[in-house]
Structure formats: C-alpha cells, structure tokens
Amino acid sequence: MPERAKVSTAWAAEAAGRPGPAQDGGTGAVACASEFEPVIGLEVHVELSTKSKLFCGCQAAFNAPPNSHTCPVCLGLPGVLPVLNRKAVEFGIKTALALNCEVASFSKFDRKNYFYPDLPKNYQISQYDLPLGTSGYVDVSVDGGMRRVRIKRVHLEEDAGKSVHESGTITGSSFSLEDYNRTGVPLLEIVSEPDLRSPEEAYAYLSMLRSILRYLDVSDCKMEEGSLRCDANISVRPKGSSVLGTPIELKNLNSFRAVEKALAYEFRRQAEILARGERITRETRHWDESRQVTVPMRRKEEADDYRYFPEPDLVPLEIEEAWVNEVRSTLPELPGVRRERFMRDYGLPAYDAAILTESKDLADYFEAAVAAYGGDAKAVSNWVMGELARLMNATGTDIRDVRVAPTALAAMLKMIDDGTISGKIAKTVFEEMFATGKEPRQVVAEKGLVQIVDEGELARIVDEVIAENRDVADEVRAGKDRAITFLVGQVMKKTRGRANPRAVNRLLRERLSSG
Amino acid sequence: MKITIADVDHVAMLARLRFDEDEKAGMAEQLSRIVEYVEKLNELDTGDVSPMAHAVPLRNVLRDDEVRPSLDPEEALRNAPDREGDFFRVPRILESE
Ligand SMILES: [Zn+2]
C-alpha cells in the first residue's frame, strides 16, 4: 500500500544530517555479493492523463498556479460527494488488460485514513481488497532472455497535494505551504510480485511498463514531473534458497537510474550484513542521491494503521464483460508484440526491434518510412537509430516534433540508392533536413551536393590532384599502395565530398599504373 | 470483546485525541459495550452472505471526463487559518526532534 505522503516526514531527519548505518555497506561487499541474490518487487504509481480529476471536475493540470484547480470536493469540505470519472476507470481497465490482469467484475473504493497536511480530507480514497485488476504479468527482455514479471494488482486511487517547504527541507522549516491542485488527480498503482532478480531487471521492467503505459496513452509517465513514481522492495537471500529474506522498502527513487543504483547499493549492503552472519532489520530506507547511499527513514512510533473501510460516498463498480470487451477492442498493438513483428517482418536484429518499438511514435515513424522507401528496412533502422536519434538527442527534440517526414527520409534513401548523393553527403543533407524540414531534393539542389557522376569532370579533377601531388603519385607508382588513400582524400576535398570514392580510386589507379 | 486502556490509547493517538485517565477508563467501558453489542451478529450464520460493499443498492455512478470550473484561489483560501500567497500555510510537519 502506498504511503507516499509519509515519505517526506521521515527522510528529512536523515537529510538533515543524522548519520545512518549506511556507512556499513562499503568495501568487501562485492566479494560476498556473488553468494547471494536479490529478490525485488516494484510498486509504481502513474498519474492518469484524464482531463479532470478522479472525483470532481477540477482540471488535472501540471504546473498551474497554486490552488487554482480546487473545489469543495477535492478540498474535502463538509457535505460534498465525490463522483467517479468514467475515463479514469476505463484507463484502469485498459492498463489491467494490457498487463494481462483479470479485470474485477465487482470492484469498490475504500478509505485509507491518515493525517498529513497534503491530504485535506484526512483520508485517501483508494482500493483495498477489491482492486480493478489482479494476477497479471509483463514479459521483459533481460540479458538476451525473457523474464515474466507477475503483476499482483492494479488499482485506482487519488493523488495527494504538494507540500512546499520553506527552506527546502522539512526539518529546516517552521511551516509548510500546501498546494492542492494535485489533490484528487487519478493515480493508478501497479504492484509487481517479487519476481525481479537484479537491479538491471528492475530497470528493464520499469522501461517496459512505461513503454506499455505510453502505448496505451493513459499517462505521460514523466518521472521528473512526478507523473510516474516508483518504490521498491528488496530482500536478499543465499543463492539457490527459496526462502524470502527480510524486505526493505526503498523510497525517494526519482529516476530510473536512481531505482537501479539504489537497488544495487542496497543489495551490496544487505549481502554484507548477511555474510557477517547478522540479521536484516525490517525498515524503510531513503535513497540519498547526493551521497549515493540508502539511509533509514525515521519512523514515527506509531505503526501503520490505516483503518481501511469501504468508502460510503461511492457506490461499487460492476464491470460487465461487455465493457471490458469494449475497452479491449481499443488496445493498440503493444510493444512486446510489435518488437516480435519487427524482427519477423522486417528482418531486424532484436536490438533494433527493441529500441524502435520502445516508443509508439518512433515505431510508427519507422514503419511509415519503410513503407515509403520500399527498400531494405535495416537501412531505415540504421538511419533512425543513428543520425535521427543522434540529432534528436543533441537538440532535445521529441520524435513527434521531428521536422523530417518519414517520406522525406525515404526519398533521401532512394537518392543514395540511385547514386544522386553519396552516403557521406547524405549525413549533411539529413542534418539540413532535420534543421529546416526541407525535402532532400531541395537541400541537395540548394547546396550543390549532387554527386559528380560525369566521368570526364571527375577525371579532370583526378588529374589536377595528381599534378599537385607529384611526390605522392610517384610513391604510388613505385608500389606504395597505401599512399593512394591520400590522393583519394584530396579529390574528395576538392569536390567537397561529392565524388564517389570508389570511382575516384578506380580513376587514380588507371592513371598511376599506366603512367 | 473487552476494550483495554491500551486500545483506547492507540485509537486516540490515531484520531489525534487526548484524554485524561478518567476519560480513558470511561471510553474503555463505553467502547467495550458497543463492541459487545455488535458481537451479537456473531450469533448469525453468515457463511452464505457476501460482505456488503455499500448500504445503497446502486452501482456504477459515473461522470464523463469533463472539466468544470474550479474555485477562485481567493475563495478556496477563505477559510484557511493561515496562508502565504496562494498557498495554505500549515505548521511544520515534523514534531520537534
Ligand atoms: Zn476539485
């Protein structure tokens, strides 16, 4: 069960400088780690991208001015009634289906009771014993193989507000500031079984989950904006053992890398303690990004006691087969299936297929380009994963904002094939297309980049280069074959890359062997 | 079932209520009687009865995903005991160390 709200209370004590026992996970851990294995489960919260909140009509917006999207319902004023957002339920069912869950035919909401300033009602409406989805799985490719990660449950709940602390940390503040815009935004909680066996697998699972959620278009999954959050459970046991160790809960994992690093750190720490013959104490620990360690969170003396009970203000959900089937019919081809198809239909290596299908938009782009090109799909893949990805990264451009239409990329590839431009020049052409959105033909014409196909013109330039580099030409004649590379380079320079290096090589050889 | 003083302490702590010793004894006594009364239900055989999720026989009350106007921040903050700008200002979250 989530208790995100309480996270901030306890870790602050550590952040404020109380040393934790984290220092014990140091040297020597690596040596003993090989005798142990980690058992990892992840609890992921995603904000659903509905227009309005889960139980009221307030806009579910990110980054709005403080408290500009609140109403009596989400502020928890007396006498109001929540009404469930149909879209949020649909998104929940859609996700449950995509994660191969059983969708509950009967589901209900429950109150989770606790006090925290970001929770104006003093309870969170969540789902306890009858979640929307149960018993699913996701297939994740790890280390060349596949691992089936079971999904324990998928449920709907409302998000809490955002606390802003006066001096940046809770402990340094004499008060906190509350913004309730996020209060009541629909969240989907997705809990995996402890089926992950390494930090890398946890990373791969998260990536796959995010990819699926984005394909479904139910969440934008931006960890930096908090629309995807992750907590982890990790226990460590001797390799080969089937007994579960004492689980440690990890919080404050603010990026996929943080999840991976915190798990790796925690595995080493626990393995070392076990190797010393000591016991692991059950606790919640906080990832300290700046020190790259986990530290125990200071717990309040009270045990968690949320006193769940059925939410009397909401009537239960009866999800009929017809509704489930209707939602099922809207499911897109999911990344795992699409990856298999890319390998089968386009003959792509697993690596290419995995990268291209990670994002639906990228996969759509690739397929549109292949369809327009009609040639070797691997050539398209090389350009998409090579130059296009490089330029997107360098400029921070999303695939949806790329100005090169898939048809334009296809047209450029055809120009390489028919010899209009060389593969080398194509990179220059593509950069210009990327920057300006121009068609390849226009770029080539404007920049005078057409490959020199006229033998006579090329021969003239070759003769010029030989005349200007008599010493080198003599070396070639004398049998120093490698010297020819220099002459080819000179011709390419003179033609600003517009010559076909193979033709240049041939012309040079003709002249230098007969001369 | 007998409700002990420790039970009262626990529930009072969860509800952020404070009682003196006399009040606690009174609470333990009253709560015990209430729970005993409810225990009468144990005399019934409920083996074939599924747990009731709601007292009203309604299902699937849903609304379309449409944005409706929110309160003006001024209005939202009108009952706030304390504010700073358009934020609610609340006492520091951690009790003293
Ligand atoms: Zn609202």
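The values are calculated or read from the model by the stated rules, or taken from the named source; none is laboratory data. Quick caveat, the model's predicted, so the values are computed rather than measured. Note that we place each Cβ from the backbone using ideal geometry, even for glycine, and neighbour counts take in every protein chain shown. To get the accessible areas, we keep the full protein, side chains included, count just its heavy atoms, and leave off ligands, DNA and RNA. Shrake-Rupley method; radii C 1.70, N 1.55, O 1.52, S 1.80 Å.
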Residue ID - nearest to residue A:324 (Cα to Cα), chosen from residues in the range A:68-95 that are open to solvent by less than 10 Å² (accessible area, probe 1.4 Å) and either away from the ligand (no atom under 14 Å from the Cβ) or touching a Ser or Thr at 6+ places or on another chain (Cβ under 9 Å) (or both): A:93
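Please pick out the residue among A:179, A:110 that is within 14 Å of chain B (Cβ to nearest Cβ), touching a Gly at 6+ places or on another chain (Cβ under 7 Å) and either of a type outside the set (A, V, I, L, M, F, W, C) or more than 16 Å from the ligand (Cβ to nearest atom) (or both).
Only one candidate passes the filter, namely A:179.
Just checking, how many residues over the range A:385-413 are assigned to a helix (DSSP H, G or I) and in contact with a Phe, Trp or Tyr (Cβ under 7 Å, 6 or more places away or on another chain)?
Of the residues in that region, 8 qualify.
State whether one or more residues within the range B:48-69 are within 14 Å of chain A (Cβ to nearest Cβ), β-branched (Val, Ile, Thr) and farther than 17 Å from residue A:107 by Cα.
yes
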Can you tell me which residue within the range A:56-67, out of those that are surrounded by 24 or more Cβ atoms within 10 Å (Cβ to Cβ) and either within 23 Å of the chain's Cα centre (by Cα) or near the ligand (Cβ under 10 Å from one of its atoms) (or both), is nearest to the other protein chains (Cβ to nearest Cβ)? A:58
Read through the list (1) of a type in the set (A, V, I, L, M, F, W, C); (2) open to solvent by less than 10 Å² (accessible area, probe 1.4 Å); (3) modelled with pLDDT under 95, then give the number of the only condition that residue A:209 fails. (3)
Scanning the range A:470-508 residue by residue, those open to solvent by less than 30 Å² (accessible area, probe 1.4 Å) and among the polar types (S, T, N, Q) turn out to be A:495
Looking at (1) under 30 Å from residue A:185 (Cα atoms); (2) open to solvent by 20 Å² or more (accessible area, probe 1.4 Å); (3) not β-branched (Val, Ile, Thr), which is the only condition residue A:221 fails? (2)
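One line per residue, one yes/no per condition, for (1) closer than 30 Å to residue A:90 by Cα; (2) of a type outside the set (S, T, N, Q); (3) under 25 Å from the mean Cα position of the chain (by Cα); (4) surrounded by 15 or more Cβ atoms within 10 Å (Cβ to Cβ):
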| residue | (1), (2), (3), (4) |
| --- | --- |
| B:25 | no, yes, yes, no |
| B:32 | no, no, yes, yes |
| B:38 | no, yes, yes, no |
| B:50 | yes, no, yes, no |
| B:58 | yes, yes, yes, no |
| B:67 | yes, yes, no, yes |
| B:83 | no, yes, no, yes |
| B:87 | no, yes, no, yes |
